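Everything on this sheet refers to the single structure shown next.
The values are calculated or read from the model by the stated rules, or taken from the named source; none is laboratory data. As the structure is a prediction and not an experimental result, all values here were calculated from the model. With ideal geometry, Cβ positions are generated from the backbone for all residues, glycine too; neighbour counts draw on all protein chains shown.
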Amino acid sequence: MKKSLWIAMGAALVASVVAALAQEVLSANAIGYIKRQLPAGGKLITVAVPLYNMTAVNNVFSNLSISAEVPTGSSASFWDPGQQKWVGGTKKAKGGWDGTVVTQIVDSAEFFFIKGPATSTVPTQITIAGEVPTDASLVRGFTGNSNLTAMANAYPADFVFSNSTLATRATVGSSVSFWDVGSQRWVGGSKKAKGGWDASVATQLVTATSGFFMKEAGTVTTWTNSKPYTWP
């Protein structure tokens with residue numbers, strides 16, 4: 001993985017990635033950033049980081065621009081696949097983030113929750129920055145056997161759920177849940193023996209840097225995802 005320096009904004013954009021994202025992703029020499037909004041009023045959003053760290057092997061939560069940009073009183077929650085529960089912490093006025101999340105490694109194909117303070121009255125813009133993946137394919141491993149897995153696209157691009165190899169390879173009886181930011185609840189569906197995935201999730205657009213819960217009913221334990229853009 002090459003390490004490039006940020007260059008002037010006038011450099012060429014990665015048009016294919018921009019089109020796929022349907023949001024602002026500026027990129028040159030495989031370096032990009034994606035803007036998101038953390039809603040006011042303490043609403044939860046799912047966040048994924050599908051960009052490589054330019055100076056370290058892993059993305060560590062406390063080193064991400066997100067952790068610095070969200071206001072004091074915000075919280076972060078990460079899914080523990082082994083314990084099948086959320087673990088998290090909050091951002092304090094003194095001392096910053098709780099030690100439970102400071103060293104949390106954020107993998108590219110998983111999501112976590114960010115929640116702003118309930119007292120916030122305006123949205124907060126957050127930025128996801130790093131190196132755009134150039135790998136021809138990326139593999140996401142998970143446990144299956146009806147365990148919940150926090151999933152996300154490892155590439156910075158939107159995709160329709162039913163068009164993914166994750167959906168097509170999933171065992172009958174598997175289910176998926178998507179977070180509705182407006183209603184602040186999960187919406188989902190399952191895969192039937194006849195008819196495949198419920199219509200409520202088949203056409204679900206999974207936007208770049210958002211995530212979803214997958215519950216694989218059988219022994220499918222990998223999601224091999226091909227690079228969705230032609231650059232570079």
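Just a few scattered comments:
- Pairs, first surrounded by fewer than 14 Cβ atoms within 10 Å (Cβ to Cβ) in segment 184-202, second of a type in the set (Val, Ile, Thr), C-beta under 6 Å, six or more apart: ALA193/VAL172
Okay, residues lined up against (1) assigned by TED's automatic domain parsing to the domain that holds PRO156; (2) without any contact (Cβ under 8 Å) to a residue 40 or more places away in the chain; (3) over 19 Å from THR207 (Cβ atoms):
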position	(1), (2), (3)
ILE45	no, no, no
ALA48	no, no, no
LEU51	no, no, no
THR55	no, no, yes
SER62	no, no, yes
PRO71	no, no, yes
SER74	no, no, yes
SER77	no, yes, yes
GLY82	no, yes, yes
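- Which listed residue is hydrophobic (A, V, I, L, M, F, W, C), touching a residue at least 24 places away in the same chain (Cβ under 8 Å) and not assigned by TED's automatic domain parsing to the domain that holds THR209, from ALA109, ALA93: ALA109
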